[in-house]
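J.: One structure follows; several queries about it will come next.
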Amino acid sequence: MAMMAPAHAATGLLAGVLATHAMSPLMDVGPLEVAAGAAIGAGAALLPDIDHPGSTVARAHGPLTAWLSRAARWASTETYYRTLTRHDTVADGAHRFLWHTPAAALATGLAVGIGATLSTWVLAGVLWFTIGLGVRGLAQGLPRGRPSGLAAALLPRGLPRLRRHLLRWPVITAVAAAATGVLLYAGASPGPYVGAVLAGGMVTGILGDALTRSAVPLAWPVPVRGRRWAMVGLPRRMRFATGTWPERVIGWGCAAATPLAGGALL
């Protein structure tokens, strides 16, 4: 389940920057807001996989995210069995169902936006939570062992050790808390629009999964040929398996584009 985490986080980084810029007619957007938006987007792109116990999200903040994963699986299963039609394929309704729908992403973003409007603590909590997810997702893209060849000359030797540290949930939780404190103390104020950025990141992650062989129920709750949980994605011949080169190209491309987009939009 960790295969697509780096690519999801990278696409979420870019989505967070673009979504924050889209809010510029409604709020002041500066470097701090762009940084906060990128962090939220990176974590939110991983959030749909909260429905799998072995996912990056479920392990990011230790017992808290493990519990949230169980709750998310229960909610997804209940929703599936209460809304399926006689044309739907029999399934457990857990992974790649409710939380992989744009409808769920928009509802989550709306709830977060309202909460952030009412309380700065909610805003801080969203930043802390999503930064932790993004850090773990991006850390999984670091080399596992010492690089060789050209990579050994270009990359720092300590990256494998850094990767090991950043995959430990207490470290992630502490790093996310420190980053949240720095952003808020420095004056980052994404305000209620944090909900829009989070929803945009989630939708980006969902669309990424729609490119893979399993696809996702993009149209839910609207039936497609009688199936409310129809798996929708690219034409089958164009889909790819997780962990293959198209995924890496997308991830690295978005990672490279993020600082360019951030600099161009400021």
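J.: Can you tell me which residues in the stretch 199-215 are closer than 18 Å to ALA9 by Cβ and either outside any helix (DSSP H, G or I) or without any contact (Cβ under 8 Å) to a residue 40 or more places away in the chain (or both)?
T.: Answer for the stretch 199-215, where residues must be closer than 18 Å to ALA9 by Cβ and either outside any helix (DSSP H, G or I) or without any contact (Cβ under 8 Å) to a residue 40 or more places away in the chain (or both): LEU207, ALA210, LEU211, THR212.
J.: Filter the stretch 156-198 down to residues that are without any contact (Cβ under 8 Å) to a residue 24 or more places away in the chain and either closer than 30 Å to ASP28 by Cα or in a helix (DSSP H, G or I) (or both), then give me how many there are.
T.: Residues in the stretch 156-198 being without any contact (Cβ under 8 Å) to a residue 24 or more places away in the chain and either closer than 30 Å to ASP28 by Cα or in a helix (DSSP H, G or I) (or both): 12 in total.
J.: Give the residues of the stretch 221-257 that are closer than 30 Å to ARG82 by Cβ and among the hydroxyl-bearing types (Ser, Thr, Tyr), sorted by residue number.
T.: Across the stretch 221-257, the qualifying residue is only THR242.
J.: Take the residues in the stretch 7-53 that are of a type outside the set (A, V, I, L, M) and surrounded by fewer than 24 Cβ atoms within 10 Å (Cβ to Cβ), then tell me which one is farthest from GLY134 (Cα to Cα).
T.: Looking at residues that are of a type outside the set (A, V, I, L, M) and surrounded by fewer than 24 Cβ atoms within 10 Å (Cβ to Cβ), I get PRO25.
J.: Starting from the stretch 101-112, keep only residues that are of a type in the set (Val, Ile, Thr), then list their pairs with residues that are part of a helix (DSSP H, G or I) whose Cβ atoms are within a distance under 6 Å, requiring at least 6 positions of separation or different chains.
T.: Final answer for the pair search is VAL112/VAL126; VAL112/GLY195; VAL112/LEU198.
J.: Suppose we keep only residues that are in a helix (DSSP H, G or I) and hydroxyl-bearing (Ser, Thr, Tyr) within the stretch 110-142. Which one would you say is surrounded by the most Cβ atoms within 10 Å (Cβ to Cβ)?
T.: Among them, the one singled out is THR130.
J.: Examine the stretch 44-56 for a residue that is of a type in the set (Val, Ile, Thr) and over 21 Å from LEU207 (Cα atoms), and state whether such a residue exists.
T.: Checked the stretch 44-56: no residue is of a type in the set (Val, Ile, Thr) and over 21 Å from LEU207 (Cα atoms).
J.: Out of all the residues in the stretch 104-161, which are at pLDDT 65 or above and polar (S, T, N, Q)?
T.: Once the filter is applied, which keeps residues that are at pLDDT 65 or above and polar (S, T, N, Q), the stretch 104-161 yields THR108, THR117, SER119, THR120, THR130, GLN140.
J.: Here's another thing I want to ask about it. Out of the residues in the stretch 219-241 meeting the condition of being free of Cβ contacts under 8 Å to residues at least 12 places away in the same chain and assigned to a loop (DSSP other than H, G, I, E, B), tell me which one is surrounded by the fewest Cβ atoms within 10 Å (Cβ to Cβ).
T.: Out of the qualifying residues, it is PRO235.
J.: Here's a follow-up. Identify, please: which residue in the stretch 242-266 is farther than 30 Å from VAL29 by Cβ and in a helix (DSSP H, G or I) and is, among those, farthest from the chain's Cα centre (by Cα)?
T.: TRP245
J.: For the stretch 81-109, which residues satisfy the criterion of being surrounded by 14 or more Cβ atoms within 10 Å (Cβ to Cβ), on the phi < 0 side of the Ramachandran plot and assigned to a loop (DSSP other than H, G, I, E, B)?
T.: Within the stretch 81-109, LEU84, ASP88, ALA91, ALA94, HIS95, PHE97, THR101 qualify.
J.: I've got another one for you. Looking only at residues in the stretch 195-218 that are in contact with a Lys or Arg (Cβ under 8 Å, 6 or more places away or on another chain) and not hydroxyl-bearing (Ser, Thr, Tyr), which one is surrounded by the fewest Cβ atoms within 10 Å (Cβ to Cβ)?
T.: Looking at the filtered set, the residue picked out is ARG213.
J.: Taking GLU33 and the conditions (1) closer than 18 Å to VAL122 by Cα; (2) touching a Gly at 6+ places or on another chain (Cβ under 8 Å), which numbered condition does it fall short on, given that it satisfies the others?
T.: (2)
The values are calculated or read from the model by the stated rules, or taken from the named source; none is laboratory data. Source: prediction; values computed, not measured. Using ideal geometry, Cβ is built from the backbone for each residue, glycine included, and neighbour counts are taken over all protein chains shown.
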